[in-house]
Number of protein chains: 2
Amino acid sequence: MSDTVTAPITVEVTRGDLVESFHRGLVSVVNAQGEEVCAIGDTSTRVFPRSAIKVLQALPLVESGAADALDLDDAELALACASHNGEDTHVKTARVMLIKAGLSVEDMECGSHWPKRMEDIAALVRAEEEPSALHNNCSGKHAGFLGLARALGAPTKGYVLPEHPVQQEIKAVIEAFTCEEVTTDVCGTDGCSIPTYAVPLKAWARAFAIFGTGEGLDEDRLAACDKLYEACVSEPFMVAGTDRFCSDVMAAFEGRVFVKTGAEGVFCAAIPELELGIALKAEDGANRAAESMMGALLEVLMQDRNDEQSKVLQRYTNPPVLTRRDVTAGEVRPAADFVADLYAQLS
Amino acid sequence: MSDTVTAPITVEVTRGDLVESFHRGLVSVVNAQGEEVCAIGDTSTRVFPRSAIKVLQALPLVESGAADALDLDDAELALACASHNGEDTHVKTARVMLIKAGLSVEDMECGSHWPKRMEDIAALVRAEEEPSALHNNCSGKHAGFLGLARALGAPTKGYVLPEHPVQQEIKAVIEAFTCEEVTTDVCGTDGCSIPTYAVPLKAWARAFAIFGTGEGLDEDRLAACDKLYEACVSEPFMVAGTDRFCSDVMAAFEGRVFVKTGAEGVFCAAIPELELGIALKAEDGANRAAESMMGALLEVLMQDRNDEQSKVLQRYTNPPVLTRRDVTAGEVRPAADFVADLYAQLS
């Protein structure tokens, strides 16, 4: 983000009758023709997409034929696009993906961290284990990268480096979908050690419009996008896990919506039935702000929804602020002006 | 915060050569005469101080004579002002405070949560225990409240409620130190179930100028402030714990600085030698922003410091952003314009 003086307030966090904290953000919604139909703030701001574009980073795995050659099923492909909780199923699935590629956790270069949920942490402690790279929320993505490296006949060592064929394949996908050239001066290192490229926010929205509609893609790439979209929406638990926005919203909308979060308050989405792609960024990087913004956007866009879908959206758009005795002390909510602006631009 | 459109960018979080996220904030510095000598953003904005004013909330415990009657030592008084990590020493000390008051964990109304550090979580899991109210970061404060309730001859049950004598005593202290009347419409419920009152940020800075200098206080209150100040700076580990800003900075400055953090990006400080009180708030509530802002302020104000003190400040003002393999990918840093503004106003 090079200049966010124009980023408006998008989310408020209340306590009692007052707003305690404010979040600001940028939103871009782009249609299949590449036209920006909604812009909140300066959407030409360069944004590191982080994990929000894992589904694009998984495209070479499918397009190359590696996914088929390794016999990866939908759950495994969804895990390749995931930022997961490190729950038992996620860890086991990542391990199987590595076995299918003839590799092991020793080959992973993502580093490790503890699982997200306390019960999974406790299970590890009770087993007298430390978290491994398999528990890393990106382990499925890395297992996919390793599978791709094998398919490309490239060395697996160094697969996270910008110059490695795996990362070069991904860079080409990013350039094709965003219609932006990405150079080393906009390259950062992601938390899992791979390159991440800062591109204007509206270019990320465009990329997800293309991903969701297939507009302008050749047959093979279209088939690969469809395969990954279907894998994620049919196995949403694999994409994140228990009590997570991406999993719960994709499950509730039964294939109608693809959503994916990324670190530092980024969120991307594709809505094929509306032929729209979405990218947003909370200026300060807060996840609670990004979730409330994406929830508000889906409430505006997905008017045709049932009670259960509304309930799931509200859980993430308007979560309560609780005391340590679980009494409601306030709430996270999209700012009224932000919602009004969304309606004005999107109706 | 009723209106923060004027909150400027104060902290940047970089990745590679770009800024990935921005934080905004408000800062007020007030002298012993109650004059605001530095204002960043609209410092008349009402701010919930949360745990940043625990030392003021502990004053009635000392002033009432309860602290002496219960034979509380410096470590216990520091814990009464603490937001601690829930490390073994913190938990044991809180338990002793309750025993001295003839009470137990059953009397605490703060709720519970897991300790902050993974090794303390693991120790609980290995012991097949769940966290109790003693592990709550506010447990020392609540043990103090219970001791005060006993000294006041008030029922201990309901000591967290706004109308309870304990909370009424604290409200009177807040009104005296901030020179603001606090009414129910600016009252929220804190995470540990006690009332928290939103008062203009500059009034909190004023309160800490009074706390640090004793300006205008009667003899008993002055003695109580001195006792709590000395307790915190002589037992800084009790105020927070391992690898925490408040503990490390107070330890490094050996009594010259009192600092205390609060949830949602609040920080207060008193610097007696400069006769200054400080209050700041990160607009979005981010702790990383509040720490970088307070670190930058101390770097500007405490020019007379040694290498070790500089090193400690830098650790919190400019922490690196690390990958999961502990490689530096970026940094948190105070924005150049913010630092320039601090120098311009404070030199």
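So how strong a dipole does region A:197-347 carry about its Cα centre when Lys and Arg Cβ are +1 and Asp and Glu Cβ are -1, to the nearest 20 debye?
In total the dipole reaches around 500 debye.
How much of the accessible area of region A:139-236, probe 1.4 Å, is carbon plus sulfur, in whole percent?
The C+S portion of the solvent-accessible surface of region A:139-236 is 46 percent.
Measuring with a 1.4 Å probe in the full set of protein chains, what accessible area per residue, in whole Å², belongs to the protein assembly as shown?
On the way: 24880 Å² over 694 residues.
Heavy-atom accessible area per residue stands at 36 Å².
Within region A:316-347, what residues put their amide N at less than 18 Å from the label point 7 Å along the Cα-to-Cβ vector of A:Gln303?
Answer for this model: A:339-347.
At B:Thr242, with labels set 7 Å past Cα in the Cβ direction, how many nm apart are the copies from this one, shortest first?
2.7
Classify region B:281-347 as rounded, prolate or oblate, taking a ≥ b ≥ c as the square roots of the eigenvalues of its Cα gyration tensor: rounded when a/c is under 1.5, otherwise prolate if a/b is larger than b/c and oblate if not.
Oblate shape, in that a/c is at least 1.5 and b/c is the bigger or equal ratio.
Could you work out [θ]222 nm for chain A from helices alone, using -39500 (n - 2.57) per DSSP H run of at least four and dividing by all its residues? Round to the nearest 500 deg cm²/dmol. Each step should come with its number before you reach the end.
On the way: 15 runs with 148 residues, N = 347.
Dividing the helical sum by the residues of chain A leaves -12500 deg cm²/dmol.
Where the centre of each part is set by its Cα atoms, how far does region A:259-280 sit from region B:126-152, in angstrom?
Region A:259-280 and region B:126-152 have Cα centres separated by 44 Å.
For chain B, which span is the longest to avoid every loop-located (per DSSP) member of GluC sites (Glu not before Pro) having at most 14 other Cβ atoms inside 10 Å?
B:255-347
To the nearest 20 debye, what charge dipole does chain A have about its Cα centre, counting +1 at the Cβ of each Lys and Arg and -1 at the Cβ of each Asp and Glu?
Dipole about the Cα centre, nearest 20: 640 debye.
Just to confirm the numbers: A:Arg95, label point 7 angstrom along the Cα-Cβ line, distances to the other copies in nm, shortest first?
Label-point distances to the other copies, shortest first: 3.7 nm.
Tally Lys and Arg at +1 and Asp and Glu at -1 over the other residues with C-beta under 10 Å from the C-beta of B:Leu98: what net charge comes out?
Details: positive: B:Arg95, B:Lys100; negative: B:Glu106, B:Asp107.
Summing Lys/Arg as +1 and Asp/Glu as -1 gives 0.
Could you rank B:Cys179, B:Cys225 by how accessible they are, 1.4 Å probe, largest area first?
Working: B:Cys179 80, B:Cys225 0 Å².
Result, largest first: B:Cys179, B:Cys225.
Between chains B and A, what is the buried accessible area summed over both chains (1.4 Å probe, protein heavy atoms, nearest 100 Å²)?
Using a 1.4 Å probe on protein heavy atoms, the buried area is about 4100 Å².
Counting Lys +1, Arg +1, Asp -1, Glu -1, what net charge surrounds B:Gly140 among other residues with beta carbon under 13 Å of its beta carbon?
+1
Give the Rg/Rh ratio for region A:50-102, taking Rg as the radius of gyration of the Cα atoms and Rh as the Kirkwood radius, to two decimals.
So for region A:50-102, dividing Rg by the Kirkwood Rh gives 0.96.
Give me the tail of P(r) for chain B as a percent: Cα-Cα pairs with distance above 31 Å.
Counting pairs separated by more than 31 Å, the tail of P(r) holds 30 percent.
In peptide B:123-130, how many Cβ atoms from other protein chains are near each Cβ within 10 Å, on average?
2
Note down the magnitude of the dipole of region A:274-347 about its Cα centre, charges +1 on Lys and Arg C-beta and -1 on Asp and Glu C-beta and zero elsewhere, to the nearest 20 debye. All intermediate terms of the calculation are to be shown ahead of the outcome.
Values: 8 positive and 12 negative charges, 74 e Å.
That gives a dipole near 360 debye.
Based only on the alpha carbon positions, what is the Kirkwood hydrodynamic radius of the protein assembly as shown, in angstrom?
26.4
Quick one: net charge of A:Glu109's neighbours, Cβ under 15 Å, K/R +1, D/E -1?
Cβ neighbours under 15 Å give a net charge of 0.
The values are calculated or read from the model by the stated rules, or taken from the named source; none is laboratory data. These numbers were taken from a predicted model, which means no experiment stands behind them. A quick note on method: Cβ atoms are made from the backbone with ideal geometry, for glycine too, and the neighbour counts reach across all protein chains shown. Heads up: the accessible areas ignore ligands, DNA and RNA and are worked out on the full protein's heavy atoms, side chains in. Shrake-Rupley method; radii C 1.70, N 1.55, O 1.52, S 1.80 Å.
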